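Below is one structure, written out as structure tokens, with a few remarks after it.
The values are calculated or read from the model by the stated rules, or taken from the named source; none is laboratory data. Please read all numbers here as calculations on a predicted model, not as lab measurements. Glycine gets a Cβ as well: all are built from the backbone with ideal geometry, and neighbour counts include every protein chain shown. Only protein heavy atoms, including side chains, enter the accessible area calculation; ligands, DNA and RNA are left aside. Shrake-Rupley method; radii C 1.70, N 1.55, O 1.52, S 1.80 Å.
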Amino acid sequence: MKEEKCRADLHYHGPIGFEPYWIRVQDYKGKNLLKLIADAGFKSKLNILAVTSETDQTDKNGIIIRNSIHNRIGYLAENYLNDLNKIQGYKADKFGASSIMIEKNGNKLYLISGQTPIIKEGDKRYDHLIVGSDSVPNFRNFQDTLKYCNDNGVLHGEEHPDLEVHFGLGLNNAEKYIELSDFVEGHNAQLLWPGFMRKIPKIGDYTELNNNRAKEFAEKHNKPWIATSDGHMIESAGAAYIEFDASLLDERNEDNLLKALRTIVKESHFKPHEGYDSLINWLEWTIKFQWGIRGERYKRN
């Protein structure tokens, strides 16, 4: 890479979903989604962007079905990669089973798989952040999910742990699993509302205080914390990110890239850059999301 520093946004969804409904209401219909995501990454000077999948639509083993709309990297490669290479100035190819490499104007961007698996503890659901894979089985409990990740060398961490209203563990529960986790998502760019608004219904659940408490929790337990965009609009890529020395990244192949990234995060060889999505973006995607899930409108074409 040309630059001495690399930027990585390790929690980013792109559109709310790849279902035709979400693509239409978010004004991406008829456009090359891979190009839009790549352009958003390049605009934010990112070198790595984890495209995070999340769904309850799986095979019998709880694995997201390959190349379905829910296997986001696979779907982007299958449906948009060839057309992107026909556009002047772009060069793109699969970098491995879980990643795509895109070059534009001498700059290189790796799109890697990410996942928020659905974790079940009794009658409750929780989130956890996976980086570098979207093949972690869904519907397992926390202990089994973390064991799977650690046994298979998958980078993983506690996702917005203080945000209990949106499947966060809660810091008391997070204590039980912090030693088995690689990192904490300490800054989420979607938690943008000022702390003094915490008593306002709905909005007050998503304030900077959640980030502050998550960072304090990570530091208390000597765990690295990362900053991410958690973007649900393509344009939100890089709203927050981590930065590290380019020399630490091994780009020979996908396996080496993901192993190097895991080491960088686990050993805290990075600097988090905190930022927030715009208020307009937040309101736009959340309003569309709430409207779309009512009556399961998003399942309609």
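List the residue pairs whose Cβ atoms are under 7 Å apart, where the first residue sits in region 68-83 and is within 15 Å of residue 15 (Cα to Cα), the second is small (Gly, Ala, Ser) and not in a loop (DSSP other than H, G, I, E, B), and the two are 6 or more positions apart or on different chains.
Matching pairs, first to second residue: 70/53; 71/53; 72/53; 73/99; 73/113.
From the list 53, 135, 68, which one is open to solvent by less than 70 Å² (accessible area, probe 1.4 Å), farther than 23 Å from residue 169 by Cα and among the hydroxyl-bearing types (Ser, Thr, Tyr)?
Among 53, 135, 68, only 68 is open to solvent by less than 70 Å² (accessible area, probe 1.4 Å), farther than 23 Å from residue 169 by Cα and among the hydroxyl-bearing types (Ser, Thr, Tyr).
In the set 62, 89, 74, 114, which member is in contact with a Pro (Cβ under 6 Å, 6 or more places away or on another chain) and not β-branched (Val, Ile, Thr)?
Step by step, each of 62, 89, 74, 114 is checked, and only 62 is in contact with a Pro (Cβ under 6 Å, 6 or more places away or on another chain) and not β-branched (Val, Ile, Thr).
Kindly provide the set of residues from region 248-269 that are touching a Ser or Thr at 6+ places or on another chain (Cβ under 9 Å) and farther than 17 Å from residue 133 by Cα, ordered by number.
248, 269
For (1) in contact with a helix residue (DSSP H, G or I) (Cβ under 6 Å, 6 or more places away or on another chain); (2) loosely packed, with under 12 Cβ neighbours inside 10 Å, each residue gets a yes or a no:
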{"site": "249", "(1), (2)": "yes, no"}
{"site": "252", "(1), (2)": "no, yes"}
{"site": "257", "(1), (2)": "no, no"}
{"site": "275", "(1), (2)": "no, no"}
{"site": "278", "(1), (2)": "no, no"}
{"site": "285", "(1), (2)": "no, no"}
{"site": "289", "(1), (2)": "no, no"}
{"site": "296", "(1), (2)": "no, yes"}
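I'm checking my understanding of the structure. Among residues of region 162-196 that are among the polar types (S, T, N, Q) and under 18 Å from the mean Cα position of the chain (by Cα), which one is farthest from residue 269 (Cα to Cα)?
190
What is the one condition in (1) within 19 Å of residue 232 (Cα to Cα); (2) not in a strand (DSSP E or B) that residue 114 does not satisfy?
Every listed condition holds for residue 114 apart from (2).
Give 232, 269 a once-over and let me know the one that is over 17 Å from the mean Cα position of the chain (by Cα), open to solvent by 20 Å² or more (accessible area, probe 1.4 Å), at pLDDT 95 or above and closer than 23 Å to residue 189 by Cβ.
Of 232, 269, the one residue that is over 17 Å from the mean Cα position of the chain (by Cα), open to solvent by 20 Å² or more (accessible area, probe 1.4 Å), at pLDDT 95 or above and closer than 23 Å to residue 189 by Cβ is 269.
Being free of Cβ contacts under 8 Å to residues at least 12 places away in the same chain and either under 21 Å from the mean Cα position of the chain (by Cα) or open to solvent by less than 10 Å² (accessible area, probe 1.4 Å) (or both) is the filter here; which residues of region 99-124 pass it?
Residue satisfying the conditions is 101 alone.
Quick one: which of 91, 86 is open to solvent by 70 Å² or more (accessible area, probe 1.4 Å), touching a Lys or Arg at 6+ places or on another chain (Cβ under 9 Å) and farther than 23 Å from residue 228 by Cα?
Testing whether each residue is open to solvent by 70 Å² or more (accessible area, probe 1.4 Å), touching a Lys or Arg at 6+ places or on another chain (Cβ under 9 Å) and farther than 23 Å from residue 228 by Cα leaves just 91.
Which residue, of 96, 157, is in contact (Cβ under 8 Å) with a residue 60 or more places away in the chain and either over 30 Å from residue 222 (Cβ atoms) or open to solvent by 50 Å² or more (accessible area, probe 1.4 Å) (or both)?
Result: 96 is the single residue among 96, 157 that is in contact (Cβ under 8 Å) with a residue 60 or more places away in the chain and either over 30 Å from residue 222 (Cβ atoms) or open to solvent by 50 Å² or more (accessible area, probe 1.4 Å) (or both).
For residue 240, only one of the following conditions fails: (1) open to solvent by 40 Å² or more (accessible area, probe 1.4 Å); (2) under 20 Å from the mean Cα position of the chain (by Cα). What is its number?
(1) is the only condition that residue 240 fails.
From the list 142, 183, 196, exactly one residue is open to solvent by less than 30 Å² (accessible area, probe 1.4 Å), among the aromatic types (Phe, Trp, Tyr) and more than 24 Å from residue 242 (Cα to Cα). Which is it?
Residue meeting the stated conditions: 142.
When you go through (1) without any contact (Cβ under 8 Å) to a residue 24 or more places away in the chain; (2) touching a Pro at 6+ places or on another chain (Cβ under 8 Å) one by one for residue 152, which number turns out not to apply?
Answer for residue 152: the failing condition is (2).
Contact list please: Cβ distance under 8 Å, first residue in region 21-34 and of a type in the set (S, T, N, Q), second residue open to solvent by 10 Å² or more (accessible area, probe 1.4 Å) and assigned to a helix (DSSP H, G or I), pairs at least six apart or on different chains.
Between residues of region 21-34 that are of a type in the set (S, T, N, Q) and residues that are open to solvent by 10 Å² or more (accessible area, probe 1.4 Å) and assigned to a helix (DSSP H, G or I), the close pairs are 26/285; 26/288; 32/80; 32/83.
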